[in-house]
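As structure tokens, the structure follows; a few thoughts come after it.
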């Protein structure tokens with residue numbers, strides 16, 4: 001397939017493309033699109049969208065060694081060639097259209113997967129926060145994962161955020177395929193790295209569904225083995241999460257954009273937490289107007305207490321322990337909590353309660369029954385985090 005590519009040179013950029021026409025609508029205006037269509041950005045890579053048609057990754061190495069490496073081996077080129085290999089092997093992947101280079105800079109162009117979102121985002125939206133029944137989705141996702149396992153490719157970063165899902169068609173496709181390698185036979189370490197995808201969905205995945213997932217993807221072949229694998233993995237995952245806390249704490253306090261959206265007005269600075277699908281809990285464009293009225297439980301606290309509760313809530317979110325959360329922090333001392341809905345009551349679902357308490361135990365958190373409740377949408381939460389003694 002690579003022999004069918006066309007070479008195009010524009011503004012000192014050399015492109016290799018399936019169809020040169022795909023540059024016509026945007027490349028001359030790329031700087032404007034890079035701002036207006038921004039998806040994410042860091043010092044070495046920007047991702048932006050061209051209307052509803054394309055995604056572009058723009059790599060701009062910073063350090064000299066990275067400049068040198070990019071001159072000899074472009075990451076965009078390697079990802080594009082990997083995508084072609086996957087296509088030729090029949091593995092569903094978003095359509096990669098071409099790549100371009102100017103010195104050590106490079107760009108990668110792919111077509112959007114219409115109507116799709118990441119499997120991770122869909123999982124949280126529909127089954128963790130939405131509380132819909134996930135059985136049919138689990139069947140579809142497991143079939144896709146099982147097929148990928150059978151393909152013989154090794155994905156070093158195999159997680160649900162790198163899988164796109166179309167709810168309309170029920171189909172999946174890989175995205176961000178850099179680093180995927182064709183293998184004749186995966187070794188035990190590689191297989192285990194890919195098997196970890198089941199723990200990527202642990203919030204909202206009951207023991208029963210986890211066993212189903214593990215069996216359908218042939219991670220294990222007997223129900224007892226599947227359950228033991230799940231429980232052992234949850235404990236190991238908790239240990240890794242706790243070990244990562246110092247790093248995550250620094251990022252959170254530095255208002256790292258993965259976790260915090262910052263809004264600065266003429267008079268105030270607001271920190272808006274992001275949820276597990278990296279969406280701001282409150283629309284930043286409506287702050288501060290949306291914070292008035294009867295939408296939030298507003299608490300005005302001493303500065304040190306407000307800071308402690310804000311950080312405690314983030315640590316609980318990192319641990320996957322649901323609670324009534326402060327969603328916005330108006331510096332230096334006002335917290336806007338999600339409002340406790342009508343109908344909150346004692347926990348009715350014994351199985352979910354057992355799993356919730358087990359997670360608290362993994363993280364060394366006292367699960368006081370008087371501080372637990374089940375919301376109308378099914379969530380089991382800690383009603384208050386004021387008295388929790390967490391090492392921050």
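Looking at the structure I just gave you, is residue 260 assigned by TED's automatic domain parsing to the domain that holds residue 307, under 21 Å from the mean Cα position of the chain (by Cα) and either without any contact (Cβ under 8 Å) to a residue 40 or more places away in the chain or within 20 Å of residue 156 (Cβ to Cβ) (or both)?
Considered against the rule, which asks whether it is assigned by TED's automatic domain parsing to the domain that holds residue 307, under 21 Å from the mean Cα position of the chain (by Cα) and either without any contact (Cβ under 8 Å) to a residue 40 or more places away in the chain or within 20 Å of residue 156 (Cβ to Cβ) (or both), residue 260 comes out as yes.
Looking at (1) at pLDDT below 90; (2) in a strand (DSSP E or B), which is the only condition residue 272 fails?
Unmet condition: (1).
State whether one or more residues within the range 354-376 are closer than 28 Å to residue 289 by Cα, in the same structural domain as residue 262 (by TED's automatic domain parsing) and in contact (Cβ under 8 Å) with a residue 24 or more places away in the chain.
So far as the range 354-376 goes, yes, one or more of its residues are closer than 28 Å to residue 289 by Cα, in the same structural domain as residue 262 (by TED's automatic domain parsing) and in contact (Cβ under 8 Å) with a residue 24 or more places away in the chain.
Here is a list of conditions, (1) out of contact with any helix residue (DSSP H, G or I) (no Cβ under 6 Å at 6 or more places or on another chain); (2) crowded, with 18+ Cβ neighbours inside 10 Å; (3) under 22 Å from residue 203 (Cα atoms), and residue 325 meets all of them except one; can you say which number that is?
(1)
Conditions (1) without any contact (Cβ under 8 Å) to a residue 12 or more places away in the chain; (2) more than 23 Å from the chain's Cα centre (by Cα); (3) assigned by TED's automatic domain parsing to the domain that holds residue 266; (4) over 13 Å from residue 388 (Cβ atoms), marked per residue:
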{"site": "300", "(1), (2), (3), (4)": "no, yes, yes, yes"}
{"site": "309", "(1), (2), (3), (4)": "no, yes, yes, no"}
{"site": "312", "(1), (2), (3), (4)": "no, no, yes, no"}
{"site": "320", "(1), (2), (3), (4)": "no, no, yes, yes"}
{"site": "324", "(1), (2), (3), (4)": "no, no, yes, no"}
{"site": "328", "(1), (2), (3), (4)": "no, no, yes, yes"}
{"site": "332", "(1), (2), (3), (4)": "no, yes, yes, yes"}
{"site": "337", "(1), (2), (3), (4)": "no, yes, yes, yes"}
{"site": "340", "(1), (2), (3), (4)": "no, yes, yes, yes"}
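Among the listed residues 86, 97, identify the single one that is modelled with pLDDT of 95 or more, in a helix (DSSP H, G or I) and closer than 24 Å to residue 173 by Cα.
86
Condition test on residue 296, is it in the same structural domain as residue 358 (by TED's automatic domain parsing), surrounded by 20 or more Cβ atoms within 10 Å (Cβ to Cβ) and over 22 Å from residue 161 (Cβ atoms)?
In short, no.
Quick check, is residue 247 without any contact (Cβ under 8 Å) to a residue 60 or more places away in the chain, within 22 Å of residue 315 (Cα to Cα) and either touching a strand residue (DSSP E or B) at 6+ places or on another chain (Cβ under 9 Å) or buried (at least 17 other Cβ atoms within 10 Å of the Cβ) (or both)?
No: the conditions fail for residue 247.
For the range 151-177, enumerate the residues that are in contact with a strand residue (DSSP E or B) (Cβ under 8 Å, 6 or more places away or on another chain) and part of a helix (DSSP H, G or I).
160, 161, 162
For the range 144-166, give me each residue that is out of contact with any helix residue (DSSP H, G or I) (no Cβ under 7 Å at 6 or more places or on another chain) and surrounded by fewer than 14 Cβ atoms within 10 Å (Cβ to Cβ).
150, 157
Looking at (1) at positive phi; (2) under 20 Å from the mean Cα position of the chain (by Cα), which one does residue 293 not meet, given that it meets all the others?
So the condition that residue 293 fails would be (2).
Search the range 341-380 for residues being within 25 Å of residue 236 (Cβ to Cβ) and in contact with a strand residue (DSSP E or B) (Cβ under 7 Å, 6 or more places away or on another chain), and hand back the single one that is surrounded by the fewest Cβ atoms within 10 Å (Cβ to Cβ).
Applying the filter and picking the extreme gives 352.
Taking the range 180-189, which residues are modelled with pLDDT under 95 and surrounded by 14 or more Cβ atoms within 10 Å (Cβ to Cβ)?
Listed by number, the list holds a single entry, 186.
Would you kindly identify the strands (runs of 3 or more DSSP E) lying entirely within the range 30-72 that contain at least 3 residues that are surrounded by fewer than 17 Cβ atoms within 10 Å (Cβ to Cβ)?
Qualifying strands (runs of 3 or more DSSP E): 38-42.
For the range 190-199, does any single residue satisfy the condition of being within 22 Å of the chain's Cα centre (by Cα), under 24 Å from residue 154 (Cα atoms) and not in a helix (DSSP H, G or I)?
Taking every residue of the range 190-199 in turn, at least one turns out to be within 22 Å of the chain's Cα centre (by Cα), under 24 Å from residue 154 (Cα atoms) and not in a helix (DSSP H, G or I).
The values are calculated or read from the model by the stated rules, or taken from the named source; none is laboratory data. Everything quoted here is computed from the prediction, not taken from an experiment. Note that each Cβ is placed from the backbone with ideal geometry, even for glycine, and that neighbours are counted across all protein chains shown.
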